[in-house]
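Taking it in order: structure first as structure tokens, then the write-up.
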Amino acid sequence: MRISILGPMEVEGDGGPIALGGLRLRALLALLALEAGHTVTSARLIDALWPDEPPANAPNALQTLVRRLRAALRPYDVVESRPGGYALAVAADDVDALRFRRLGADGLDLWRGAALTDLTAVPVLANVAAALEEQRLAAVEARAEERLEAGLPVDLTAEAAAHPLRERLRALAMRALAASGRQAEALELYERTRRTLAEELGVDPGPELRAAHLAVLSGDSPPRPPAPPKRPGIRAPRTSFVGRENELDRLVTLLGEAALVTLVGPGGAGKTRLATELALRLGDDRLWMVELASLSDPGDVEGVLLDALGLRDDRLGGHTAPTSGDPLAQVAAALAGRHALLVLDNCEHLVEAVAVVVERLLTACPDLRVLATGREPLNVSGEHLVPVPPLPQPPAGAGPEQARTYPSVRLLLDRATAARPAFTLDDANTAAVVELCRRLDGMPLAIELAAARLRTMTPRQLADRIGDRFTLLTGGSRTALPRQQTLRAVVEWSWDLLAPEERVLARRLGVFAGGATLETVEQVCGGAADVLGALVDKSLVQVSPDGRYRMLETIRAYALERLEEAGEAAAYRRRHAAQLLALAERAVPELRTAAQIGWIERLAAERDDFAAALRWALDERDTETALRLCAALNWYWWMCGYRQESAVWAGQVLDLAGDEPPPGLAGAYAACVFARGVDAFLELSHDRSALLALARRMDDLVELAEREGPVHPMLRLSGIVMTAVAGQDERAAELRDAYAAADDLWLASSALLIGPGRTEEGLERAVAGFRKLGDRWGLSEALLGLATLRAARGAPTAHLIAETWSLTSTWVSSDEAIGTLVRLAYLRATAGDLDGAKEDLAKARAHVDAGTSVPSRLFLGQAEAAHACRRGDLDRGVAIFRELFALLDDLPPIAQYEVSLRSAYGRALAQTGDLDAALDQHHRALDALGGDDPDRPLLSVVLAGYALLAQAGGDQERAAALFGAAAAVEPHDTSPETVAGEQAARSALGDDRFTACFTRGATMPAAQARALAREPGVGPGAGPGPHRTRLA
């Protein structure tokens, strides 16, 4: 099969032309054909084929397009799926553009018109077409020069007319006209060109055009222009090119527009490799690559240029060199009038000298393009910077398929399999591979050094030891420059190029684990903005669009070593912790105001640094800093749903502080006790005495804290929850009512959210209070609570649900987002909006990541299973429930998890008709609850589940009694199934009989209700009469 794109696209097989319909289908083939035999990533194809707005599911859309292309090309099975993308399995010579690139001037006959003429509506292909046209013109010029030297006729009239600004082409056209005796036309062509250059570009003709003009005027045979400098062969890398395809495409385009492009990035980012791949892609005789890495004297730059261009002799292509003795003048004369590209690699240690050279060459040679690589800009006028960032890294928790799509992982796999052919990515090692790529910041050189270590270590062994990266990662290529053979040498090379004041600031920046703003850097490190800017320019520090400065982890590790050596580590870690403590404490009151979102975002940006400061305070046994910082952060962690993180830190801080709060720190101590108590809440819920003891402990601490100063209102509210769960409903109600009447609007509104006996009126007051404060977190909780109560009585809730969803923020943890979305889905399902509930559950599932807790996974899974059952897909619902039991092994032995799952699973089994299995699940759930002090909401759910089973077995009277027993427990089950079951029992029994049975169950002692649930009459085949059990 042959593919022609040097003109309108044509595809031809052995049987003749192959028709391809549709712009996007032909564009896909063109994109694959241009890199025949090589993988084109899915991301590149999607970006090229849908440049403005990719479809909602772009990978699926691409797969569909590939299937259409395969069908159109049958019987040629040439479109192959590759890891991360696709490839066209044809020889390069079967694509006319690739064959032309190989043949050069000898391939001009392959052209049938403008390249890709029917596909330039695709921006990427328009750029390719422009590059191919440039290569065609260069080939036309080369062939014309060969024919003129051989005394053969040449006609460039049409080409010269089509390209009025191309000086070399027009100079050759003048020579051809003069050689054929048409001097007047040659002079006229010169005059037209001179005017066009002046009018459109504001420049005079270049040396080659002027030389041709003088030769025509004198009547002499026009001199041959200086021969192009010799182009030494570019060393093709022996390893594959991974992960920079988009940058390569961008470079090709940018070099068609800008005279100077500089690739900037930290050492080991892959700048040299990217420049080399560009040279290999262009692959013509107008490109020279000059390697500067081995130079140490700035004065040697000009000499190396002469060597690289083959100009060391005093002759230029057999013609006399300028007598000025100026090496740059020699280089400029050789490049003048040529559309050439000069690649200057590794400029960072010679940046001033290189800048002078580039400035002079670009001034003397308007058609010259320069691509420089280095760790800082040249700062030459007109310079376009192209940052070379680390390779993208997969998220923590990515599976093998997802991880394999990330360039950093693909690079590690490529190099690892070269070092150890049997190496593969699988479920067992993916987590370690992902960790390696993330810990190494996606830096190509570091990843290649790590891959070499996989010859003798497993990924997990290496990941566990990567903290000692400078010792481990030393196995670079023996033929590489010494500074590229070890990770330490790469960083030291950049460090040694810094000025003294830059090194001072750089080492102090190592205390920031997640970066910092300019103001924070000034406060903690004392660094000036211009010095920080210099570190950014030299690629030691990165700056994000929102103005945060950070170091890559490898550079930061080196900076911390230098900080220790300077004896400054203790002082600057203390300053770092003090600054973060001040920020966290300043945020606490703001988190209860309309400024809440801004402060949460500000604190979120510092999460890594808060962790580093807390770890330092604990290691240094700085009790005051640890207590105050943990206490201040507790409220941020609480709002965002990071409660497990809060509890872990609080536990460590309390272990440091001891059994009693230090003087003046009772409030901070109480906040840590609160955080640890919330985490242990489920475990304590069966132990009333332990809960009461914790409540009394909190009361004592809050009382002590109030004597020292103001306390956070959440500490007061904790007493309501603890006393209520401990069964002291009256005491809990008294506390709630007292706080609801407080002058503090936040405390009053929050009190109305919790405790027994919540009312719609109270929740409406809470909504109004939080709305007035501007507290989005409190408002969303109040709206959810209000919607739940209204849904239980069948009132409309759509507007409440909509507003709650609008308040759900991106800054919350995955656990918090899942919890909110599952609650919203439940409310929608209760209102009959099953499609809306499905969408909420899908959004919740999308939030599941490596940081999602097992309880949240269980909560979401149960909601998905219950939803499937509500939609009538019982088989799927039951299957999901069964799979969820495996999660119980990963949870602490807390009864609520098992009870919740078994009762929900039992209800699903009842819907399938398997009442025996359903009854067994309810018995197990009731056993797990225990008898002394069961979880009351779950007891209501289990009793209502027994009622539904009795009803399914035909015993409506027993069902009504059990519904009554379930309703007597507060808070009681108001699920749609229970509400529907009660209505069905009332219809079957009539109002009087239903009310009698329901009241009998509601007034039963708890032990009698549990005994009624377990009686053999509950379930299939029970009892003789139409309503079975007779309850007097």
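Readers should treat all values here as calculations from the given coordinates under stated rules, not as data from a laboratory. Just so it is clear, the model here is predicted, and its values are computed rather than measured. Cβ coordinates were reconstructed from backbone atoms using ideal geometry, including for glycine residues, and neighbour counts include every protein chain displayed.
Could you tally the net charge around Gly265, taking each other residue with its Cβ under 9 Å from the Cβ of Gly265, Lys/Arg +1 and Asp/Glu -1? Net local charge, Gly265 excluded: +2. Put simply, the amide H of Ala372, placed in the peptide plane, has neighbours under 5 Å in Val261, Thr262, Leu263, Leu344, leaving out anything fewer than 5 places away on its chain. Karplus-based coupling profile of the stretch 56-62, in residue order and whole Hz: 4, 10, 4, x, 5, 4, 5, with θ = phi - 60° in 6.51 cos²θ - 1.76 cosθ + 1.60 and x standing for Gly or Pro. Counting only DSSP beta bridges whose two residues both lie in the chain, roughly 45 percent are antiparallel. So what's the Cα pair-distance distribution over the chain, bin width 10 Å, in %? Percent of Cα pairs in each bin: 2, 9, 14, 17, 16, 14, 11, 8, 5, 3, 1, 0, 0, 0. Gain on full extension, evaluated as 0.36 nm per residue between Phe885 and Asp916 minus their Cα-Cα distance, stands at 9.3 nm.
A DSSP coil position with no more than 16 other Cβ atoms inside 10 Å describes the following chymotrypsin sites (Phe, Trp or Tyr not before Pro) in the stretch 809-908: Trp811. Across the stretch 906-920, computed HN-Hα scalar couplings (Karplus, 6.51 cos²θ - 1.76 cosθ + 1.60, θ = phi - 60°) run x, 4, 5, 4, 4, 5, 7, x, 8, 6, 4, 5, 4, 5, 4 Hz from first to last residue, x flagging Gly and Pro. The gain in end-to-end length when the Glu149 to Ala693 segment is fully stretched comes to 185.6 nm, 0.36 nm per residue minus the alpha carbon separation. Charge tally around Thr808: other residues with Cβ under 11 Å, Lys/Arg +1 each, Asp/Glu -1 each, net 0. Extending 7 Å from the Cα toward the beta-carbon at both Ala329 and Ala980 defines two label points whose distance is 9.5 nm. Maximal additional length on extending the Asp743-Glu134 stretch stands at 211.6 nm, based on 0.36 nm per residue less the C-alpha distance.
All Cα-Cα separations within the stretch 51-106 were binned at 10 Å from zero, giving a P(r) of 19, 35, 31, 14, 1, each value a whole percent of the pairs.
Summed over qualifying helices (DSSP H, 4 residues or more, each -39500 (n - 2.57)) and divided by its residue number, the chain shows a 222 nm mean residue ellipticity of -18500 deg cm²/dmol. As a proxy for reagent exposure, ranking Met722, Met457, Met174 by other Cβ atoms within 10 Å from fewest up yields Met457, Met722, Met174. Applying 1/(1 + (r/R0)^6) with r as the Cβ-Cβ distance of Ala795 and Arg845 and R0 = 41 angstrom yields a FRET efficiency of 0.90.
Highest mean packing first, where packing is the average number of other Cβ atoms within 10 Å per residue, the peptides 265-271, 976-982 line up as 265-271, 976-982.
The Cβ shell under 15 Å around Trp638 holds other residues with a net charge of -1, Lys and Arg each +1, Asp and Glu each -1.
Among the trypsin sites (Lys or Arg not before Pro) in the stretch 879-974, none sits in a DSSP loop with a Cβ that has at most 10 other Cβ atoms within 10 Å.
Beyond 20 Å, the tail of the calculated P(r) for the stretch 153-218 holds 16 percent of the Cα pairs.
Which of rounded, prolate or oblate describes the stretch 568-679 when judged by the alpha-carbon gyration tensor and an a/c cut-off of 1.5? Verdict is oblate for the stretch 568-679.
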